Amino acid sequence: MAKRDIELRISPDTAFFILEKAREFDEKTAPTNPGDGSNPADDRNVDVLESFRDDPTCEELVSAIRALNDDAQVDLVALMWLGRGDFSPDEWDDCRQLARERRATPTAHYLAGTPLVSDYLEEGLALLGHTMDESPTGRRF
């Protein structure tokens, strides 16, 4: 099966948007001093890199995934598995089928809770012939 013969049910633009949100979320660290009450100007705004319970970065990621239809969510999980090396592009149909069958946990929580999910999504898209150069922002992290 040729890379471009695989029809995604999620647009590459949408997949790259979610990848970028996941990358932002992956970059978060545990809070170093959650109750210090310091001034953001004094501490160079480093709190923005820390993950708090009501973190808007996580909410943006989860909301973007929840907004997708079922087929797009299945593709997103399959892309992650493909990028992780669980399947090859030639096994795409089997990968999608398994992703559909194993939907027990909400997709947004499953993906947001997977370490390196952004790297896996990027690799999965690349294996299917889609690169960050195609993304709406063309951002590289």
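The values are calculated or read from the model by the stated rules, or taken from the named source; none is laboratory data. The model shown is predicted, which means the values in this text are computed figures rather than measured ones. Cβ sites come from the backbone with ideal geometry, for glycine too, and all protein chains shown count toward neighbours.
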Of the residues that sit in the stretch 101-129 and are part of a helix (DSSP H, G or I) and among the charged types (D, E, K, R), which one is surrounded by the fewest Cβ atoms within 10 Å (Cβ to Cβ)? Glu101
Regarding Leu68, is this residue of a type outside the set (Gly, Ala, Ser) and not in a helix (DSSP H, G or I)? yes
Taking Pro136 and the conditions (1) assigned to a loop (DSSP other than H, G, I, E, B); (2) modelled with pLDDT of 95 or more; (3) not β-branched (Val, Ile, Thr), which numbered condition does it fall short on, given that it satisfies the others? (2)
